[in-house]
Structure formats: C-alpha cells, structure tokens
Amino acid sequence: MRGLTNRVALVTGGSRGIGAGVVRALAAEGVRVAFTYVRGVEPAQALVTALEQEGGEVLALQADTAKPTEIRQAVSAVVAHFGQLDILVNNAGVFVHSPVDEVAPDEEALAHLWQVNTYGTAQTVRAAVEHLSAGGRIINIGSGSNIRTPYAGTSDYAASKGALAAYTRGWARDLAPRHITVNIIQPGLIETDMTPTDSATRASLLQPIMLGRFGTAQEVGEVVAFLASEAAGYITGATLNVDGGWSA
C-alpha cells in the first residue's frame, strides 16, 4: 500500500477505459474515489457496484467537462459527500480526426475537443484548487501524440494535449508554494474498448512499440497511484510517458 488511505480523489471521465483503470487502482489503495461520466449510466453504476463489493467507497457523478457549471457542481458534490478533496485526476478527453486540408472540417466537433481537453480541464482545476490543501495532487492524463504524431489527421488532438502539458508545467509553478504537485502522464497505445481488433491494423500499431504490446488501463492507473502517493512528493511539473517505448 502507498499510504493513500483516508484520501479522496476525483477522476474525470472515469467510467470506462483509462479512467476506469485509474479509479480501480486508486480504490485498491484505499482511496475514496468519485468519478464523472457523461453518458452510460449502466457502466458507471456497474463500476461502483464492483468496487463497493471489494470494500471501496465510490461515487459516480454525471457531469460533462465541457460544461464548467456541471464540473464545478461535481467538485462541490465530492466535497459535500466525502468532506474533502485531495487528488484530482483529469482524464476526460475526446478525439477528433481532423486533417488540416479537410475541405469542410467539423467545426462543432473541433470546438468540443478544445472545450473538453483544454478549457474544461482548466476550469476543473480552478474549481478543485479551492479545496486542495498541502500535499494535494493534480495528475493530468495527456497523450503520447503530444511528442510523437505518427498518423495523419491528429494535429488538433495532439495540439490540445500539448496545451495540457504546458498547463501542467504552469500549474506546477503556481501551486508549488502551497505544496500541491502537478504532473502529466502521457499514455501511448492502451488496450480499451476503442482499440482496433483486426489483426492487420493491430500489427501496424504495434510495430513502433518497443515492448511489442499495448499497455493496459491498469498500468496507467498504477502510475497515477504512485504520483498520488507520498513517495512522489518531490515530483512536480514532470511528464511520465507510459507507452512501452513508443516515444523513444
């Protein structure tokens, strides 16, 4: 155990994929965890039920990171329910395939991407820092595409995650006097329900990964748990690539 019992975390976008892996990893460390979701009440409730059966304390909150009012209400709900907030994990994010030479890009989709990945995350942090005390942790989930962009059509997504990396460094500087650390994890290719299943595509995606496999959401979650622990108290403003060597 990493000494995280009696801590409270909020994970945005925590009902599936990497977010669910983070929720599970923190709950396994004794953290009381709240997570947000936008759609899919059943998967969210299923995660809550599974973790409660394992002895965890988990709260699911329907809130859209793209809507600052909803995310502020979610932060307030976490504090009202658990009495505190110690760890914020900004995992919520969306992807848009948007080649720059598209004749008619989906402007609404692009606006939503920036609203969730960048502006909404910044608003989440501003809402949370009102409640974080010394020893608090902010952990952002970025993307390996911020440093390596091997596929066409990912420029807007990569740029939004690059902005999140810049925010991470700035927030770390802002919050250091309060002894709150801020770091970013940049996952590579992680096995989720969105991972391609056909063998040819998978083989192509695996080719640049040194370890020869996709990562798991649990592996990302374990890195989050480490950064949330006292063992990571001297790490702030840092970038951790969890990508099997993909970005090397």
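Bear in mind that the values in this text are calculations on the coordinates, not laboratory data. If you're wondering where the values come from, they're calculated on a predicted model, not measured in any experiment. Reconstructed Cβ throughout: ideal geometry from the backbone, glycine too, with neighbour counts over all protein chains shown.
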_How large is the Kirkwood hydrodynamic radius of the range 182-235, counting all unique pairs of alpha carbons, in Å?_
12.9 Å
*Determine the principal axes of the Cα atoms in the range 140-240, then give the extent along each, sorted from largest to smallest and rounded to whole angstroms.*
50, 28, 22
*Using the count of nearby Cβ atoms within 10 Å as a rough guide to exposure, how do 154, 36 rank from fewest to most?*
154, 36
*Helix-only [θ]222 nm of the chain, DSSP H runs n ≥ 4, -39500 (n - 2.57) each, per residue, nearest 500*: -12000 deg cm²/dmol
*Where does each of 86, 198 land when they are ranked from fewest to most other beta-carbon atoms within 10 angstrom?*
198, 86
*Across the range 8-242, how large is the tail of the calculated P(r) beyond 29 Å, expressed as a percent of all Cα pairs?*
24 percent
*How big is the range 43-151 on each of its three principal axes, counting only the C-alpha atoms and giving the largest first in Å?*
51, 31, 27
_Starting from 0.36 nm per residue, how many nanometres of slack lie between residue 230 and residue 207 once their C-alpha separation is accounted for?_
4.6 nm
*asked:* Tell me whether the range 89-160 comes out rounded, prolate or oblate; compute the Cα gyration tensor, take square roots of the eigenvalues as a ≥ b ≥ c, and use a/c under 1.5 as the rounded threshold.
replied: oblate
